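The values are calculated or read from the model by the stated rules, or taken from the named source; none is laboratory data. Because the structure is predicted, anything quoted here is derived from the model rather than measured. Note that we place each Cβ from the backbone using ideal geometry, even for glycine, and neighbour counts take in every protein chain shown.
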Amino acid sequence: MIKTTIQWLSVLFELFAATGSGILAFVGISEFVGSGGLGFDGLRSKAHLGATVVALALVVFGGLLYVARLGNPTQVMAITRNVSSGSPASWEFLIYLLVLVCAVICLLVLRREGRLGGVLSALCILLALAMGCSTGYYHMAMIGTPAWHSPAIPLGFTAGALLVSGFIYLAVAGCGLEKGLEKDAKKSSEEDSKASTSKIMVWILAVLAIATTAAALFFGASASFGQDALLYWIAAPAVGGVSFAVAIVMLKCARGVSRRWAFIGASFSLIGALAFRASLWLVDSTIPTLFRG
Amino acid sequence: MTKRTLVIDLDRCSGCDSCVVACKFENGIGLGNYWNHVKPVNPVGTHPDIDMYWVPLQCQQCENSPCVGVCPTGASYRDPDNNVVLINKEECIGCKTCLPACPYSDSEGAVRPSVRWFNVEENVVEKCTLCNHLTATSDGIENTADTTDATHAVPPCVHNCSCGARSFGDLDDPNSGASQALAQAESEGRKVCTIEAEGVMPAARYILSEGIATWRGLGD
Ligand code: SF4
Ligand code: SF4
Ligand code: SF4
């Protein structure tokens with residue numbers, strides 16, 4: 001017998017859609033918590049515009065993978081026609097469409113106004129949570145795969161995607177801010193350099209890294225991975241731990257957010273989120289054990 | 001509410017695969033694709049006390065059919081007239097959401113004995129239809145003098161079973177072919193089994209005498 005295969009296009013769609021949505025959430029969070037006193041000046045709105053472009057690109061790329069999974073763009077219409085079916089796939093797709101529309105609106109609003117405003121920021125945060133949870137619920141609802149009936153999946157999916165998003169946000173927006181500050185001599189004091197870093201963001205990332213690791217440990221403890229056990233136990237929980245360490249380094253760093261550390265965090269958290277999602281397809285279940293090699 | 005299904009007598013099944021061939025022929029199932037399988041449940045014990053049997057496995061026509069609930073397009077549905085779980089291939093978009101939802105299928109619909117099967121050429125998921133195109137109004141008691149008689153039609157896998165192991169009909173109709181096969185087995189003290197999984201309440205029934213083998217479901 002051959003092994004049960006991972007539905008890679010589904011895995012990547014869910015990851016990119018949730019990550020893009022998460023970046024928008026961090027733009028929204030940043031508007032709420034402020035960015036170390038920088039306020040809503042031109043520098044910050046430019047950085048947020050950059051982050052929103054990256055978010056939209058990820059969301060669109062995720063959508064293309066979804067279409068690739070269906071094999072034909074017209075197939076997507078069949079889901080939209082039946083979006084009220086209550087199917088977990090319909091929920092996931094409906095929320096994806098909302099995220100896509102929201103990302104476009106954010107881009108237009110940031111270009112015009114330079115800031116999202118409270119309502120749009122709150123909407124971005126809610127949609128990011130909904131996107132992560134719906135991708136997890138998609139799996140939880142699969143009666144035929146009992147190992148997936150775990151709340152650790154929506155938790156791990158949501159926290160994991162937000163973790164990647166947060167690091168990407170810091171890499172893109174933080175980098176934009178630092179570049180701008182270098183040009184602007186008046187703002188290049190150590191104080192302002194620190195200000196380019198929202199330590200609150202990094203604290204959020206540290207909490208998300210703990211949540212991601214806890215979800216991976218909890219899920220791993222209740223599932224059996226057969227011959228893929230080593231892969232799971234090295235990749236999924238360990239990478240959450242690395243992300244936590246990166247967040248701590250960033251918090252300790254005197255000069256605030258370092259673009260390099262943000263990229264390192266983004267890379268490790270991305271590997272972790274991918275490993276967690278892909279490994280779900282490798283779990284042993286009761287009857288589906290028949291289909292394992 | 002009708003509960004149409006197959007009843008398979010494992011005391012009779014010889015694992016000959018005639019039903020697989022008949023199913024493929026009737027439904028034009030391509031090379032490498034299957035809507036039913038005959039799974040050997042491996043021998044245990046020592047010669048000559050060997051305990052083994054074959055389980056023909058196809059869609060179990062679950063009462064709580066999760067495949068219907070998770071389908072985002074409505075392609076997986078129940079026939080409103082006779083309650084049979086079916087797939088409308090015109091509406092199926094090949095999203096494979098239903099595969100991990102079905103406890104008897106693998107996640108790609110590509111590994112035997114998965115009961116839902118992914119047809120790569122047509123980009124759709126397929127499965128046993130109980131040959132509803134032939135049997136939708138049948139009582140499951142075959143009219144051997146006229147096999148085109150729709151009110152007494154049986155699926156080709158039943159008609160062509162070389163050991164007479166398969167019966168078809170509505171379990172809620174005591175006069176159906178399926179109900180009569182079960183009633184006879186029970187009167188003979190033979191065991192009636194189901195392949196339970198995750199509370200889906202499969203309608204398919206398997207008959208197996210203790211003297212032939214001990215029921216171990218689909219085995220290890
Ligand atoms: S066996 Fe699978 S395909 Fe058939 S009704 Fe049950 S869940 Fe659906
Ligand atoms: S593959 Fe087809 S039948 Fe299965 S869930 Fe998708 S649309 Fe429905
Ligand atoms: S009832 Fe029809 S579709 Fe189902 S296994 Fe028999 S021949 Fe195949």
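Those residues that are farther than 15 Å from B:Pro156 by Cα and either without any contact (Cβ under 8 Å) to a residue 24 or more places away in the chain or surrounded by fewer than 17 Cβ atoms within 10 Å (Cβ to Cβ) (or both), I need them from region B:124-145; list them, please. Correct list: B:Thr137, B:Ala145. A:Gly63 passes every criterion in (1) at the interface with another protein chain (Cβ under 8 Å from one of its Cβ atoms); (2) buried (at least 16 other Cβ atoms within 10 Å of the Cβ) apart from (1). The single condition among (1) facing chain A (nearest Cβ under 7 Å); (2) farther than 25 Å from B:Val41 by Cβ that B:Pro80 does not satisfy is (1). Screening B:Ser138 with (1) assigned to a strand (DSSP E or B); (2) more than 16 Å from ligand 1 (Cβ to nearest atom) gives one miss only, at (1). Restricted to region A:72-156, the set of helices (runs of 4 or more DSSP H) holding at least 1 residues that are more than 14 Å from chain B (Cβ to nearest Cβ) and in contact (Cβ under 8 Å) with a residue 60 or more places away in the chain comprises A:88-113, A:118-140. Against the test of being modelled with pLDDT of 95 or more and away from chain A (no Cβ under 14 Å), the options B:Cys161, B:Cys67 yield a single qualifying residue, B:Cys161.
Tell me the residue from B:Pro66, B:Pro80, B:Pro100 that is more than 28 Å from B:Ala213 (Cβ to Cβ) and buried (at least 24 other Cβ atoms within 10 Å of the Cβ), please. Of B:Pro66, B:Pro80, B:Pro100, the one residue that is more than 28 Å from B:Ala213 (Cβ to Cβ) and buried (at least 24 other Cβ atoms within 10 Å of the Cβ) is B:Pro100. Among the residues making up region B:79-104, those that are within 14 Å of ligand 1 (Cβ to nearest atom), touching a Phe, Trp or Tyr at 6+ places or on another chain (Cβ under 9 Å) and either touching a residue at least 12 places away in the same chain (Cβ under 8 Å) or over 28 Å from A:Val67 (Cβ atoms) (or both) are B:Val85, B:Leu86, B:Ile87, B:Asn88, B:Lys96, B:Thr97, B:Leu99. What about B:Gly45, is it within 16 Å of ligand 2 (Cβ to nearest atom), surrounded by fewer than 19 Cβ atoms within 10 Å (Cβ to Cβ) and at pLDDT below 95? No; evaluated as a whole, the condition is false for this residue. Out of the residues in region B:111-121 that are surrounded by fewer than 20 Cβ atoms within 10 Å (Cβ to Cβ) and within 10 Å of chain A (Cβ to nearest Cβ), which is farthest from B:Cys62 (Cα to Cα)? For region B:111-121, the residue satisfying everything is B:Val120.
The sole residue among B:Gly164, B:Gly169 that is surrounded by fewer than 19 Cβ atoms within 10 Å (Cβ to Cβ) and in contact (Cβ under 8 Å) with a residue 40 or more places away in the chain is B:Gly164. Do the conditions hold for A:Gly132, that is, is it modelled with pLDDT of 85 or more and closer than 23 Å to A:Phe263 by Cβ? Yes, satisfied. Scanning region B:66-107 for residues that are assigned to a loop (DSSP other than H, G, I, E, B) and within 11 Å of ligand 2 (Cβ to nearest atom) yields a total of 17. Screening region B:16-43 for residues that are more than 10 Å from ligand 3 (Cβ to nearest atom) and within 25 Å of B:Leu171 (Cβ to Cβ) and picking the one that is farthest from the other protein chains (Cβ to nearest Cβ) gives B:Ser18. Is it true that some residue in region B:173-185 is within 15 Å of ligand 1 (Cβ to nearest atom) and surrounded by fewer than 21 Cβ atoms within 10 Å (Cβ to Cβ)? Looking through region B:173-185, none of the residues is within 15 Å of ligand 1 (Cβ to nearest atom) and surrounded by fewer than 21 Cβ atoms within 10 Å (Cβ to Cβ).
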